[in-house]
1. Checking the conditions here, which among B:L114, B:L146 is more than 24 Å from A:G121 (Cβ to Cβ) and not aromatic (F, W, Y)?
2. Would you check which residues across region B:1-43 are under 14 Å from the mean Cα position of the chain (by Cα), of a type in the set (A, V, I, L, M, F, W, C) and in a loop (DSSP other than H, G, I, E, B) and list them?
3. Which one of these does A:L53 not meet: (1) within 28 Å of A:A150 (Cα to Cα); (2) within 14 Å of chain B (Cβ to nearest Cβ)?
4. Show the residue pairs that are 6+ apart or on different chains and have beta-carbon atoms under 7 Å apart, the first residue being within region A:30-45 and touching a residue at least 12 places away in the same chain (Cβ under 8 Å), the second being in a helix (DSSP H, G or I) and among the polar types (S, T, N, Q).
5. Applying the selection to region B:38-53, what residues are buried (at least 24 other Cβ atoms within 10 Å of the Cβ) and in contact with a Phe, Trp or Tyr (Cβ under 6 Å, 6 or more places away or on another chain)?
6. If you take the residues of region A:158-181 that are of a type in the set (G, A, S) and assigned to a loop (DSSP other than H, G, I, E, B), which of them is nearest to the other protein chains (Cβ to nearest Cβ)?
7. State whether one or more residues within region A:103-113 are assigned to a loop (DSSP other than H, G, I, E, B), within 13 Å of another protein chain (Cβ to nearest Cβ) and among the β-branched types (V, I, T).
Amino acid sequence: MELFESLIVILLGSVLVNNYVLAQFMGICPFLGVSKKLDQATGMGIAVTAVMLLATAVTWPIQYFLLDKVGLGYMQTIVFILVIASLVQMLELLLKKFSPALHKGLGVYLPLITTNCAVLGVAINNIDEGYTFLESMVNSLGVGLGFLLAMVLFSGLRSRIDESKVPKPFRGLAVTLIAASFISLAFMGFAGIVDALFA
Amino acid sequence: MKNNSNLSVLLKGILKENPVFVLILGTCPTLAMTKNVGDAFGMGLAALAVLLCSNILVSLLRKVIPDTVRIPCYIVIIASFVTIVQMIVKAFLPELDENLGVFLPLITVNCIILGRAEMFAGKNSVGKSALDGIGMGLGFTLALVLMSTVREVLGNASFAGHAIAFLEPYKIKFMVEAPGGMLVYGCLIALVYVITKGKAPLKKSFSCAGCPNAANCHTACTELPAESGEKGDA
């Protein structure tokens, strides 16, 4: 039960309180770039979640069973980025070959994710926080879901912005960022909610 | 970019093609590391060092690296320099290392650096690439310092750690929190647009098609509908 509670705390913490996009500022590029339409935002969110889970499943064992064993902990950044990049490439090739339908839906987002700092960020954070493998996977799932949530919420907001009259200097990215700031303000309200959950 | 004299290569990064406010690259560290001036300055210099080294090496190797695998090569070069910078910062500035946290290794995926390798260093001579690296790095640092000044003064009533007494009762707390970052960034982009009178090649719409790294992921960019064209050049 205790394990379950701690996992729930990690999950909710990474979805709501420490939302990577709105509180930690990781993965801002796809958040601003691909959030114009709901279907694209959802596709991107799901693809990011999948890649995060996969990346964690691979990088966690590499760190603990390979790098730490041979004292190469400082190679973390290089190894992780290479592993994640090749993983994403392979995933795209496999999807293209075996499931063209899925590739059409999600595959197009995959190359965009390779250099997404949220994916590398979650892999490094899992190690820095000293999470176990299970905790790392749950954390990655939470981060991915938090990303999806932020994307979906934000795409709704953006469709409203498109229909409104914005002063010229603010058109485009400026007003988008200010709108993102308001969503982020709303998410600040979640701070503290997780600590009180099992208190 | 038409005028290729050395001085203009150096200076264009500072305002005309400022990576943060005009090219809109490297948004993540810009938003995350501008809570106070000290961290912003440290982040800017770390990125400047990586950018300078990677630009030089990419430019040196531009005839050796085969075109098809250039992106993975660039990433390895950048990641190596990030690791070196990371070790130096850890050894000599442990406090900065703690404040920058995960964003120090994340310089690897900062699109300014890959973007400059792809757009400039891969095509230009070593000297020019070094100048470009310094210019872009300075532009990045200046933008970060400017933004963190606004945030720290308004949100924390201090500048680089020194308290500003008369502002003390008027702290706007949320400026140093996450939402303040996005708000200030949005306003500064609008301000740069006004200053440059819309002449800078400011990306009005942030989308895949306008991304300087578009060539890295062309499948995605061609298959996603071009979003930038929708509103025209309003």
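1. From the options B:L114, B:L146, the qualifying one is B:L146.
2. Residues satisfying the conditions are B:I14, B:L15, B:V20, B:F21, B:V22, B:L23, B:I24, B:L25, B:M33.
3. It fails just one condition, (2).
4. Pairs found: A:L32/A:T176; A:V34/A:Q40; A:S35/A:S155; A:K36/A:S155; A:K37/A:S155; A:L38/A:S155; A:A41/A:S155.
5. B:G44, B:A47, B:V50
6. So in region A:158-181, the residues of a type in the set (G, A, S) come out as A:159, A:164, A:172, A:174, A:179-181.
Of the ones still in play, those that are also assigned to a loop (DSSP other than H, G, I, E, B) are A:164, A:172.
Values: A:S164: 12, A:G172: 4 Å.
Applying the filter and picking the extreme gives A:G172.
7. Of all residues in region A:103-113, those assigned to a loop (DSSP other than H, G, I, E, B) come to A:106.
Next cut, within 13 Å of another protein chain (Cβ to nearest Cβ) only: A:106.
Filter once more, keeping what is among the β-branched types (V, I, T): none.
No, because not a single residue in region A:103-113 is assigned to a loop (DSSP other than H, G, I, E, B), within 13 Å of another protein chain (Cβ to nearest Cβ) and among the β-branched types (V, I, T).
A quick yes/no check of all residues on (1) surrounded by fewer than 19 Cβ atoms within 10 Å (Cβ to Cβ); (2) at pLDDT below 85; (3) aliphatic (A, V, I, L, M); (4) touching an Asp or Glu at 6+ places or on another chain (Cβ under 8 Å):
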site	(1), (2), (3), (4)
A:V51	no, no, yes, no
A:W60	no, no, no, no
A:M75	yes, no, yes, no
A:Q89	yes, yes, no, no
A:G105	yes, yes, no, no
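The values are calculated or read from the model by the stated rules, or taken from the named source; none is laboratory data. Just so it is clear, the model here is predicted, and its values are computed rather than measured. We place every Cβ from the backbone using ideal geometry, glycine too, and count neighbours over all the protein chains shown.
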